[in-house]
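The structure appears right after this line, and notes come after that.
The values are calculated or read from the model by the stated rules, or taken from the named source; none is laboratory data. Predicted model, so just to flag it, every value in this text is computed and none were measured. Cβ placement follows ideal geometry from the backbone for every residue including glycine, while neighbour counts extend to all protein chains displayed. SASA here: full protein model, heavy atoms, side chains in, ligands and nucleic acids out. Shrake-Rupley method; radii C 1.70, N 1.55, O 1.52, S 1.80 Å.
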Amino acid sequence: MVILGAGPAGLVLGNLLLAAGIDCVILERSSRSHVQTRPRAGFLAPHTARILDRHGLADGLHRHGRRHGACEFRTPEGRFRLDYGALGEGVGHHVYPQQNLVTDLLRHYLDRGGRIRFDTEALAVHDADGTRPSVTTRGPDGRPTRWTARYVAGCDGRHGAARRSLPPDTVRHHHDHGVTWLGLLAEAPPSLDAVGYALHDRGFAGHMARTPDVTRYYLQWQRGTAADAWSEQRIWDELDLRMRAADHGPLHRGAFLERGLVDLACDVIEPLRHGSLFLAGDAASLLAPAAAKGANLAVLEAGILASALTDALTRGDTAGLDAYSDRCLTHIWKAQEFTGWMTRLLHAAPDGDEPAGSFFQAALRRSRIASLRTSRVHQEWFADNYVGV
Ligand code: RFL
């Protein structure tokens with residue numbers, strides 16, 4: 001079994017296959033230190049923790065992760081808190097930085113005797129329509145190598161070789177929400193004990209805890225403006241303004257460890273299988289980070305794929321592989337739908353000639369927020385979708 005990519009999808013898949021006695025190798029383009037320090041997701045859903053628990057992969061999560069179950073919406077009409085962790089399933093998120101999860105998964109994989117090649121870029125998947133697919137790679141010495149296996153799992157993200165190797169008739173459904181965020185990691189403790197979603201005439205601002213010393217912030221950003229166009233002081237002043245710090249309390253300031261632009265765009269590949277090649281995680285579907293679903297879907301799909309591959313390789317039962325694409329697409333579209341809903345809740349999206357959003361859109365948004373503030377049924381629905389995939 002060849003797995004492309006050592007992100008959450010590839011490493012969960014590798015661990016689960018090794019536990020089932022299936023030989024595999026992971027081919028990863030980047031260095032080990034790069035994958036272990038790349039900060040991205042932080043909010044892990046209950047089902048993610050369950051999958052990790054079931055397979056003995058959740059030690060770090062339980063030791064260092066923190067429970068989280070509240071959102072605070074700050075709007076022109078005032079603020080309100082939604083304790084989603086006490087609704088729906090009655091459990092919130094674990095906050096645990098993605099790079100720590102990747103570090104744990106890699107340690108378990110190596111402890112179980114797993115093989116991995118870092119600094120090895122997959123160039124293409126060949127003969128996926130047969131039973132002996134292969135992958136060509138370029139390793140650290142620049143020399144090409146070919147890896148042959150019964151199946152290949154493309155867990156190498158949206159720009160990986162798996163996507164590039166799909167036949168031309170594969171459909172890629174793409175949607176651009178028309179919004180860009182400046183994503184920031186601040187060396188500063190969280191300023192509120194909730195996810196902060198601030199709706200403001202000047203644009204959205206968000207606050208999400210990562211660790212006791214590091215907080216993620218987002219600022220809705222003019223598309224086309226460089227990430228480094230503003231000074232740290234100007235960014236903090238803008239965060240203060242949009243998060244209404246003067247009314248609701250100051251934000252703890254600190255140096256920005258990272259800043260990058262995120263276009264809120266999404267896509268779905270259909271189907272997720274081409275012969276012996278299976279896509280999982282961001283390679284299968286890209287989600288805007290508005291609802292923190294990407295890493296959680298990646299783990300879910302890796303779990304589904306691992307059990308289907310185990311059935312196929314140990315018992316010759318290929319029913320799970322045949323159902324893989326449809327089964328995952330159901331989860332993916334559900335997550336896309338909620339992410340789209342969140343995106344429309346948080347932003348005045350460009351509307352025709354009105355780039356800042358029309359009066360009509362703003363009124364719809366106010367109505368949505370009012371419903372979320374007052375309707376218990378709406379809050380239950382939100383909680384269910386916010387933590388679930
Ligand atoms: P990854 O993590 O991108 O890993 C893919 C791996 O493949 C390697 N690779 C290749 N290897 C070999 N050959 C090639 N040709 C290769 N091309 C690429 C890469 O080096 C990499 O190591 O994909 P995976 O495993 O599918 O996991 C997906 C998640 O990483 C992603 O969905 C999340 O980070 C999204 N996301 C969030 N998800 C959540 O569930 N909760 C969150 O709170 C959350 N916050 C976020 C996020 C994504 C963000 N960005 C960067 C858009 C916050 C941000 C800012």
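Okay, here's what the table says:
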read-out: Residue that is farthest from ARG79 (Cα to Cα) [pool: residues in the range 227-281 that are assigned to a loop (DSSP other than H, G, I, E, B) and either of a type in the set (D, E, K, R) or within 13 Å of the ligand (Cβ to nearest atom) (or both)]; value: LEU272
read-out: Some residue of the range 313-331 being among the hydrophobic types (A, V, I, L, M, F, W, C), in contact (Cβ under 8 Å) with a residue 12 or more places away in the chain and near the ligand (Cβ under 10 Å from one of its atoms); value: no
read-out: Condition broken by ASP240, with the remaining ones in (1) under 17 Å from SER191 (Cα atoms); (2) crowded, with 20+ Cβ neighbours inside 10 Å satisfied; value: (2)
read-out: Test: residue in the range 324-344 that is part of a loop (DSSP other than H, G, I, E, B) and over 19 Å from MET208 (Cβ atoms); value: no
read-out: Flag if ASP282 is surrounded by fewer than 17 Cβ atoms within 10 Å (Cβ to Cβ) and modelled with pLDDT of 95 or more; value: no
read-out: Selection within the range 143-165 - surrounded by fewer than 22 Cβ atoms within 10 Å (Cβ to Cβ) and in contact with a Leu (Cβ under 6 Å, 6 or more places away or on another chain); value: ARG158
read-out: The one condition in (1) over 22 Å from ALA153 (Cβ atoms); (2) at pLDDT 95 or above; (3) open to solvent by less than 10 Å² (accessible area, probe 1.4 Å) that ILE332 fails to fulfil; value: (1)
read-out: Total residues in the range 119-142, condition away from the ligand (no atom under 12 Å from the Cβ), open to solvent by 20 Å² or more (accessible area, probe 1.4 Å) and in contact with a Leu (Cβ under 8 Å, 6 or more places away or on another chain); value: 0
read-out: Matching residues in the range 359-389 - criterion: being crowded, with 17+ Cβ neighbours inside 10 Å and not in a helix (DSSP H, G or I); value: GLY388, VAL389
read-out: Whichever residue in the range 286-312 is of a type in the set (Val, Ile, Thr) and open to solvent by 10 Å² or more (accessible area, probe 1.4 Å) and, among such residues, is farthest from the ligand (Cβ to nearest atom); value: THR310
read-out: The range 161-181, residues that are farther than 30 Å from HIS347 by Cα and in contact with a helix residue (DSSP H, G or I) (Cβ under 8 Å, 6 or more places away or on another chain); value: ALA162, ARG163
read-out: Any hit, the range 87-106, residues being in a loop (DSSP other than H, G, I, E, B), open to solvent by less than 20 Å² (accessible area, probe 1.4 Å) and within 27 Å of ARG117 (Cα to Cα); value: yes
read-out: Residue match in the range 40-58 (condition: at pLDDT 95 or above, among the acidic types (Asp, Glu) and within 19 Å of the chain's Cα centre (by Cα)); value: no
read-out: Selection count, the range 29-85, where residues are within 14 Å of the ligand (Cβ to nearest atom), in a helix (DSSP H, G or I) and under 25 Å from LEU185 (Cα atoms); value: 10
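Matching residues to (1) crowded, with 20+ Cβ neighbours inside 10 Å; (2) part of a strand (DSSP E or B); (3) more than 16 Å from the ligand (Cβ to nearest atom):
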| position | (1), (2), (3) |
| --- | --- |
| TRP181 | yes, yes, no |
| PRO190 | yes, no, no |
| ASP193 | no, no, yes |
| ASP201 | no, no, yes |
